[in-house]
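Structure first, then comments.
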Amino acid sequence: MKNVKILAALLIFAVTPLVAQDFGALDQAVNDGNCDLVLSILESSGSDASKMEERVLDAAGNLVMASNYDLAMELTETVLLFNMDNSRAQEMYTSIEKAKKDKIREEKEALIVAEQKKAELKAQRMADYKVSVKEYYRSLAKVSYRNFPLEAGLIPLSFNLSSTDFAEESSAMRYGFGAEFKASFVHPGIRLDLGLDYIYQPVILSGQGEKSDLNMRAAVTSPVFPIPFSVSAAYKSRWVTSDASLYKVLSFPAIGIGLDGFEILPDFSMTAFLDFDLCSSAADSMIDFALGGEVSFKYVFRVKPLIGIYLAEKNRFDIFVIDSSSESYLDAALSVGIILNER
């Protein structure tokens with residue numbers, strides 16, 4: 001009797017590792033999705049078949065929770081191939097098949113809804129575009145006083161520094177004052193500006209001779225671009241009473257390119273032009289080359305939406321070259337004024 005108990009214990013300890021090994025192989029086959037191997041293990045499971053069936057169905061249930069219906073159905077079908085009478089497998093197969101069909105239906109419905117929303121969004125964009133086009137053409141046909149901004153200001157402070165190679169006294173510095181005016185036409189797609197300023201500098205700080213300037217500029221700018229690139233035509237006149245200056249009177253046209261009213265910050269803008277001075281058109285001019293330009297900064301204090309007070313600082317230069325000698329003028333001016341209809 002004692003020998004029988006010892007033999008039974010040895011058999012139990014010998015079989016346990018084999019069963020554990022079979023369960024490990026089954027789990028590995030399930031994880032790999034190898035249904036053929038799962039079926040082979042079930043067919044060789046012997047008395048542990050029911051436990052292994054439950055183990056496979058438990059794994060299939062976890063796959064259903066993870067929405068992996070295809071593999072869950074294949075595993076359930078594998079159990080039914082091994083044991084058609086497994087009621088749990090039958091119920092699970094029916095439920096998974098229904099869930100799979102529901103998922104396909106929901107995906108189709110979601111796709112239809114997405115396509116409908118896409119079509120509605122496209123239609124809305126087209127409608128908004130048509131409205132914007134209508135508004136644009138309506139704005140083209142509508143012109144009022146608001147399309148004509150005006151600026152008028154005084155120049156209480158102006159300095160000039162000139163230098164020349166044509167006299168022993170090669171430099172001069174002057175102080176003066178002046179006034180400026182600017183009229184514009186603003187319309188969708190285009191902006192036209194006509195500005196002029198006059199500066200008189202009678203106070204001699206060094207050197208000799210008074211000086212006065214009259215500058216006019218017409219500029220065309222397209223506001224549709226992010227950077228307000230502009231082309232301009234200008235006319236400049238300069239009078240100097242100094243014997244150190246090569247020309248006491250010089251008037252000439254100029255063409256320029258630059259930026260007109262580039263907004264750096266709200267209500268703070270910059271204007272910059274590079275001019276090609278056409279001095280050779282002057283009657284007695286022997287000037288070989290001339291170049292000019294200006295850079296100005298303006299800040300507008302809004303009193304009302306269409307009325308403001310502006311403060312501006314302008315720098316202007318011109319250089320005239322004859323052979324290897326030159327004469328140049330550098331002006332800096334501070335101005336303050338009122339601005340109307342500027343949006």
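The values are calculated or read from the model by the stated rules, or taken from the named source; none is laboratory data. Keep in mind that this is a model prediction, so the values were computed, not measured. Reconstructed Cβ throughout: ideal geometry from the backbone, glycine too, with neighbour counts over all protein chains shown. For accessibility, only protein heavy atoms count, side chains too; no ligands or nucleic acids. Shrake-Rupley method; radii C 1.70, N 1.55, O 1.52, S 1.80 Å.
Cα convex hull, the chain: 338 Å³ per residue, rounded to a whole number. Kirkwood hydrodynamic radius of the range 169-256, from the reciprocal of the average inverse Cα-Cα distance over all distinct pairs: 14.9 Å. Spacing of the modelled spin labels on D102 and A123, each 7 Å from Cα toward Cβ, amounts to 3.2 nm. The alpha-carbon of K100 sits under 19 angstrom from the alpha-carbons of these aspartates and glutamates, leaving out residues fewer than 8 places away in its chain: D58, D70, E74, E77, E91, E109.
For the chain, the 222 nm mean residue ellipticity estimated from helices alone, with every DSSP H stretch of n ≥ 4 adding -39500 (n - 2.57) and the total spread over all residues, rounds to -13000 deg cm²/dmol.
Taking the C-alpha atoms only, the angle from helix 49-65 to the longest principal axis of the chain is near 20 degrees. Computed from point charges on the beta carbon alone (+1 for Lys and Arg, -1 for Asp and Glu), the dipole magnitude for the range 210-295 about its Cα centre is near 140 Debye. Simple rule: put +1 on each Lys or Arg Cβ and -1 on each Asp or Glu Cβ in the range 142-293, find the dipole, and look at S212, F268, P253; the Cα lying farthest toward the positive end is F268. Against the chain, whose longest principal axis comes from its Cα atoms, helix 69-82 is set at around 10 degrees.
Charge dipole (Cα centre; +1 on Lys/Arg Cβ, -1 on Asp/Glu Cβ; no other charges) of the chain amounts to roughly 1420 debye. Here the peptides 184-195, 312-323 are ranked by packing, the mean other Cβ count within 10 Å, and the order with the highest first is 312-323, 184-195. Surface composition of the chain: carbon plus sulfur atoms hold 64% of the accessible area, using a 1.4 angstrom probe and ignoring ligands, DNA and RNA.
Here the Karplus relation 6.51 cos²θ - 1.76 cosθ + 1.60, evaluated at θ = phi - 60°, turns the backbone of the range 107-117 into coupling constants of 5, 5, 5, 5, 5, 5, 5, 5, 5, 5, 5 Hz, with x for every Gly and Pro. Over all Cα atoms in the range 52-114, the spread is summed up by Rg and Dmax: 13.1, 44 Å. In the context of the full set of protein chains, the range 105-263 has a per residue accessible area of 61 Å² (1.4 Å probe). Estimated at 0.36 nm per residue, the fully extended path between N62 and V336 surpasses their Cα-Cα distance by 90.7 nm.
Using Cα pairs closer than 8 Å and at least 6 residues apart in sequence, work out the relative contact order for the chain, in percent.
Taking the mean separation of contacting Cα pairs over the length of the chain, I get 11 percent.
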